[in-house]
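Some notes on the structure that comes next.
The values are calculated or read from the model by the stated rules, or taken from the named source; none is laboratory data. If you're wondering where the values come from, they're calculated on a predicted model, not measured in any experiment. When we count neighbours, we look across all protein chains shown, and the Cβ atoms used for this are built from the backbone with ideal geometry, even at glycine. Accessible surface is based on the protein model in full, side chains and every heavy atom, while ligands, DNA and RNA are left aside. Shrake-Rupley method; radii C 1.70, N 1.55, O 1.52, S 1.80 Å.
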Amino acid sequence: MTYKALTFFDLDGTLLDEHSQITSEIAEAMAMLRKNEVLPIIATGRTEPEVTAIREAAGITSNIVMNGAFIRIDGKEVFSDTLEPELCARMYQAVKDNGDELCYYNEKGYWATGHTEEMVGAYNYVRSPLPEIDPLHYETDRTNMLLVLGVGNDAYYHERFPELTFYRNTPFSIDVVKSGTSKGTGVKTLVELLGLEDVPTFGFGDGSNDFALLEACDHKIAMGNGIQELKELADFVTLKNTEGGIVHALKHFDLI
């Protein structure tokens with residue numbers, strides 16, 4: 001397939017509305033992108049079961065999930081970066097020592113070491129179902145990403161696990177991937193795998209975990225509701241996600 005451009009969209013605060021839903025305007029815009037030979041791609045810290053309904057509502061078949069650790073293009077898996085079981089075991093012990101909980105993520109789902117108030121808060125925050133409890137899931141299945149459930153102890157994990165990168169994406173949880181793995185590396189990997197180095201890329205985001213995404217793209221778009229630091233990085237600051245910001249930016253760049 002020949003593409004004229006690649007567009008990468010964060011979800012919460014970007015592609016989704018205030019109710020974490022895809023609006024009819026967004027669905028129409030994604031259809032127009034495809035008609036114009038522009039590939040829309042979701043770029044998120046979530047895993048695939050958490051974005052299935054979103055992808056279907058938007059008509060999107062490609063995603064970079066788990067902060068760059070897994071990539072699917074037009075329904076086909078093209079990349080999967082996993083964490084070693086020994087590393088997962090060390091993280092499990094560390095969260096137990098701190099009174100936190102842990103979740104193991106891959107493209108099929110996510111499993112927790114236990115349920116806590118922080119966990120309920122974290123999954124309510126992104127409107128996802130609570131995980132099943134399976135403390136040793138890493139022993140029998142691949143793990144692409146971990147999620148620490150807790151409101152503190154960030155410095156503890158950063159200090160003891162330099163081989164990992166930690167993204168605090170909610171007040172209740174921290175995404176954990178291999179050091180250097182990000183939405184940005186996901187963009188670069190996707191472009192290289194598809195041989196699309198000469199195709200322009202557009203990144204859309206609003207939060208602290210979108211810096212790498214925007215930095216990896218030729219055109220950097222921050223949402224009007226985004227954090228100030230991301231706006232300073234951006235080439236273009238569009239309207240808020242609740243004010244038609246995505247459609248406004250796509251029109252600005254003549255993508256639709």
Practice prompt. Assuming a ≥ b ≥ c are the square roots of the Cα gyration tensor eigenvalues, decide whether region 1-77 counts as rounded (a/c under 1.5), prolate (otherwise, with a/b larger than b/c) or oblate.
Written response: oblate
Worksheet item: Placing +1 at every Lys and Arg Cβ and -1 at every Asp and Glu Cβ, with all other atoms neutral, what dipole size does region 197-256 have around its Cα centre, in debye to the nearest 20?
Response: 300 debye
Worksheet entry | region 36-183 - charge dipole about Cα centre, Lys and Arg +1 at Cβ, Asp and Glu -1, debye rounded to 20 | 300 debye
Response to the item:
Given 237-246, 206-215, the highest-first ranking by average Cβ count within 10 Å works out to 206-215, 237-246
Discussion item. Quick check on the chain: helices-only [θ] at 222 nm, where DSSP H runs of length 4 and up contribute -39,500 (n - 2.57) each and the sum goes over total residues. Nearest 500, please.
Written reply: -9500 deg cm²/dmol
Worksheet item: What accessible area per residue, rounded to a whole number of Å², is obtained for region 1-158 using a probe radius of 1.4 Å?
Response: 42 Å²
Discussion item. For a distance above 16 Å, tell me the whole-number percent of Cα pairs in region 144-256 that qualify.
Written reply: 65 percent
Worksheet entry | Rounded Å value of the spacing that divides the Cα centres of region 126-159 and region 17-72 | 24 Å
Worksheet item: Tally Lys/Arg at +1 and Asp/Glu at -1 over every other residue whose Cβ is under 13 Å from the Cβ of residue 147; what's the total?
Response: -3
Worksheet item: Using the Cα gyration tensor of region 171-214, with a ≥ b ≥ c the square roots of its eigenvalues, what is the shape: rounded (a/c below 1.5), prolate (a/b larger than b/c) or oblate (neither)?
Response: oblate
Response to the item:
Probe 1.4 Å, all chains present, heavy atoms only: residue 110 accessible area in Å², nearest 10, is 20 Å²
Worksheet entry | Sequence-distant aspartates and glutamates (8 or more away, or on other chains) whose Cα lies within less than 18 Å of residue 188 | 10, 74, 77, 81, 197, 198, 210, 215, 218
Worksheet item: Could you give the semi-axes, largest first, of the ellipsoid that matches region 70-159, computed as the square roots of 5 times the alpha carbon gyration tensor eigenvalues and rounded to whole Å?
Response: 22, 16, 12
Practice prompt. Name the residue farthest towards the positive end of the dipole of the chain from the options 180, 252, 126, assuming +1 on Cβ of Lys and Arg, -1 on Cβ of Asp and Glu, about the Cα centre.
Written response: 252
Fill in: Relative contact order (%) - criterion: Cα under 8 Å, at least six apart; region: the chain
20 percent
Worksheet item: Let a ≥ b ≥ c be the square roots of the eigenvalues of the Cα gyration tensor of region 53-123; is it rounded (a/c under 1.5), or, if not, prolate (a/b larger than b/c) or oblate?
Response: oblate
Worksheet item: Counting only the heavy atoms of the protein chains, how much of residue 178 is accessible to a 1.4 Å probe, in Å² to the nearest 10?
Response: 70 Å²
Item to complete: Determine the sum of side-chain charges near residue 85: Lys and Arg each +1, Asp and Glu each -1, restricted to other residues whose C-beta is under 15 angstrom from that of residue 85.
Response: -4
Discussion item. Under a Cβ-only charge scheme (Lys and Arg +1, Asp and Glu -1), can you give me the dipole magnitude of region 1-96 about the Cα centre, in debye to the nearest 20?
Written reply: 220 debye
